[in-house]
Amino acid sequence: MTATEPVSAPWGPAPDGLDQQYWDGLVAGELRLQRCTSCRTWIWGPQAICGHCHSFDIGWETVEPAGTVYSWNRSWYPYMEEYANNLPYVTVLVELPHAGGRRVLGILTDDIEADPAIGDRVVGSFERVDGSAWPLLRWRRAGAISEGEDR
Amino acid sequence: MRADIMRGAAAVVGVAEQHYRRGEAPHSEKRMTLEVILEACADAGIDPREIDGFVSYAGGPNDGAIIGGALLIDELRWSNMMWGGGGGSVAAAITNAAVAIATGQAECVVVYRAMSQEDTGRLGYAKYHYGSHFLAHGIGSPAQICAMRTQRMLEHGGVPRSAMRSLVLASYRHAQNNPTAQGYGRPLDEETYENSRLIAEPFHLFDCSRESDGAVALVLVSAERAKSLRPDPAYLLAGAQGAPGGYSELIDNDLDEQYMSAGFGPANNGKPGVAERLWSAAGLGPDDVDVVQVYENFSGPAVAALIDHGLCPPGEAAGTFMTVDNLTAPSGKLPINTSGGNLADSFINGLNLAVEAVRQIRGTSTNPVVGAKTSLFIGGPMAPLVSSVLFGHEDTL
């Protein structure tokens, strides 16, 4: 394991190494997702095979961390002790136009009292988090734009 | 092979359930399992040693050899754990028992599930069930995952939140007639529902199921045997399980708008999914259903499941259909969760709902739908594998 192994947070690279590039990307300040080398289909969550063409030749590419809110949730109950001191918090599922519309999760860090709207444009950044040896992808609204634009 | 080879081949002839407030089970899961199996056999008029098949789902160590060994059954022929889906495979477990009977693999199969907080903790806090790509973003519970899917159903799909509220209020109304329901004597009104604390938006407290300790068992035999045992077997008209490939399994990258469905919809190639396969095998459709028990881990997924089955229109019209009166027995258009369900009765991973579905065929529910001939049970919506089973009175054969 590396020096950046998480100390207390229950997240980080999978033991089989499948998503190591994702986490290394966060450290490097990049959002990296899988892409099939054969058919160029974007893949997420991490897989050993391309579900589209069944190639095992999967690469990683850097994606601009920008997209639109596909759905969201504001958590009020301390389901996770790691986030129990930060209630409530908003998690957004973000659709990435630069990665074939694949969707990634992340916590929204701007004014979370204002409900996000599906279709809101968001921009990601890579933030150090207490208790986590790995930076995490966080999102902020770039200004509300109606769903369907920028497609 | 015809899809309807299963139709009416097997029937539920014995049921039993016990439930307690979570953490208050008087016995282990194994002991409770043995108790409800004996009770279900007594209900059926069957010697427990005749049981030769065991089916459960969502995990648990007490397999057919262990339980059958404890009961010293004559012979073990069938011992299956449904693979994946958690509560989504609850109805599939019943179908699996019927498959064994219809194909001659076994003659008397029991479907069971036991939950004790002391033995296995709580489902809602199964934190490490989810991987890093959920946990890192504060998502550690099925409640939150279902909440996000529900939010899209409301905001993008146009389903009014009142559809969820009506389902909850109808459940509590039913529970007031069911003395063993945990919500008995605790009526719920619209204002209390709306003012209850938020848990995982859009879910308020009352949108979330209870977790109970307890155990449930259902005994199935062939239709021929069933007729000799009792006047009111609940025949299995059809059962279906599955989900579109990748549904609820790819860290929320379900194809197209499958994300806001409950998983019962068409396959990725457009062919019939769980709901359509169920109707096709039964030779019936949503308009033929007299009463429904729908697994509501949370209210939103249950609404999505009703939409998937064609029992409720999608979008704005869902709010017009889903009124408390429409959902309440005896005279509602589609009585739902007539014991109080997972919300207001008890939650033994949903198998308690199957017992209520059988009671409706027998006419022994505390909220009977008079003359009910078809009784639908829908298993854990929004799980990676979902399932439904349709029971029928003898008249439907």
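The values are calculated or read from the model by the stated rules, or taken from the named source; none is laboratory data. Because the structure is a prediction, the values reported are computed rather than measured. Cβ: placed from backbone, ideal geometry, glycine included. Neighbour counts: every protein chain shown. Protein only, heavy atoms only, side chains kept; ligands, DNA and RNA dropped before computing areas. Shrake-Rupley method; radii C 1.70, N 1.55, O 1.52, S 1.80 Å.
What to note about this one:
- Scattering from segment A:76-122 was approximated by placing one identical point on each alpha carbon and applying the Debye formula without solvent; log10 I(q)/I(0) at 0.30, 0.33 1/Å stands at -1.16, -1.27.
- Counting only the Cα atoms, the protein assembly as shown fills a convex hull of 151 Å³ per residue.
- When the accessible areas of A alone and B alone are added and the area of the pair subtracted, with a 1.4 Å probe, the result is around 3200 Å², both sides summed.
- Label-point separation, A:C53 to B:N269 (7 Å along Cα→Cβ), nm: 2.1 nm
- Chain A, relative contact order [Cα under 8 Å, separation at least 6], %: 22 percent
- Cα shape, segment B:286-326, gyration tensor, a/c 1.5 rule: rounded
- In segment B:171-219, the convex hull through the Cα atoms has an average projected area of 4.7 nm², a quarter of its surface area.
- Mean accessible surface per residue for chain B, computed with a 1.4 Å probe while every protein chain stays in place, in Å²: 35 Å²
- Value in Å of the Kirkwood radius, where chain B supplies the Cα pairs that are averaged: 20.6 Å
- Mean Cβ neighbour count within 10 Å, used as a protection proxy, ranking B:59-66, B:93-100, A:20-27 highest first: B:93-100, A:20-27, B:59-66
- Between 0 and 90°, nearest 10: helix B:142-155 axis offset from chain B longest Cα axis: 50 degrees
- Net charge contributed by nearby residues that have their C-beta within less than 14 Å of A:G45 (K/R +1, D/E -1): -1
- Translational diffusion coefficient (Stokes-Einstein; Kirkwood radius from C-alpha pairs) of segment B:349-397 at 25 °C, 0.890 mPa s, in µm²/s: 213 µm²/s
- Principal axis dimensions, segment B:55-204 - Cα atoms, whole angstrom, descending: 56, 44, 33
- When only alpha carbons of segment B:30-95 are considered, Rg and Dmax amount to 11.9, 33 Å.
- For segment B:354-394, backbone nitrogen atoms closer than 14 Å to the point 7 Å from B:T180 Cα along Cα-to-C-beta are found at B:354-360, B:364-367.
- Partner chain coverage, peptide B:141-150 - average Cβ within 10 angstrom: 4
- Label point at B:T320 placed 7 Å out along Cα→Cβ; residues across segment B:161-197 whose backbone nitrogen lies under 15 Å: B:163
- Dividing the mean sequence gap of close Cα pairs (under 8 Å, 6+ apart) by how many residues chain B holds gives a relative contact order of 25 percent.
- Shielding by other protein chains, A:18-27, mean Cβ within 10 Å: 1
- Between segment B:287-312 and segment A:115-142, the alpha-carbon center distance in angstrom: 35 Å
- Rg(Cα)/(2.2 N^0.38 Å) for segment B:104-172, N = residue count: 1.63
- Whole-number D in µm² s⁻¹ for chain A, Kirkwood Cα-pair radius fed into Stokes-Einstein, 10 °C, 1.306 mPa s: 97 µm²/s
- Over segment B:118-218, volume per residue of the alpha carbon convex hull, in Å³: 152 Å³
- Annotation: B:T374 carries an accessible surface of approximately 10 Å², with a 1.4 Å probe and no ligand, DNA or RNA atoms counted.
- Only alpha carbons enter this Debye calculation for segment B:290-397, each as an equal point scatterer, and the log10 of I(q)/I(0) it gives at q = 0.10, 0.16, 0.17, 0.21 Å⁻¹ is -0.25, -0.65, -0.74, -1.14.
- Taking all Cα pairs closer than 8 Å and separated by 6 or more residues, the relative contact order of segment B:281-334 comes to 28 percent.
- Note on chain A: helix-only mean residue ellipticity at 222 nm, from DSSP H runs of 4+ residues weighted -39500 (n - 2.57) and normalised by residue number, equals -1500 deg cm²/dmol.
- Each peptide in A:33-42, B:355-364, B:154-163 gets a packing score, the mean of other Cβ atoms within 10 Å over its residues, and the list from highest to lowest is B:355-364, B:154-163, A:33-42.
- Residue mean of other protein chain beta carbons inside 10 Å, A:75-87: 5
- For chain B, calculated [θ]222 nm from helices alone, where every DSSP H run of n ≥ 4 adds -39500 (n - 2.57): -9000 deg cm²/dmol
- Apportionment of accessible area to carbon and sulfur, segment B:310-397, percent (1.4 Å): 56 percent
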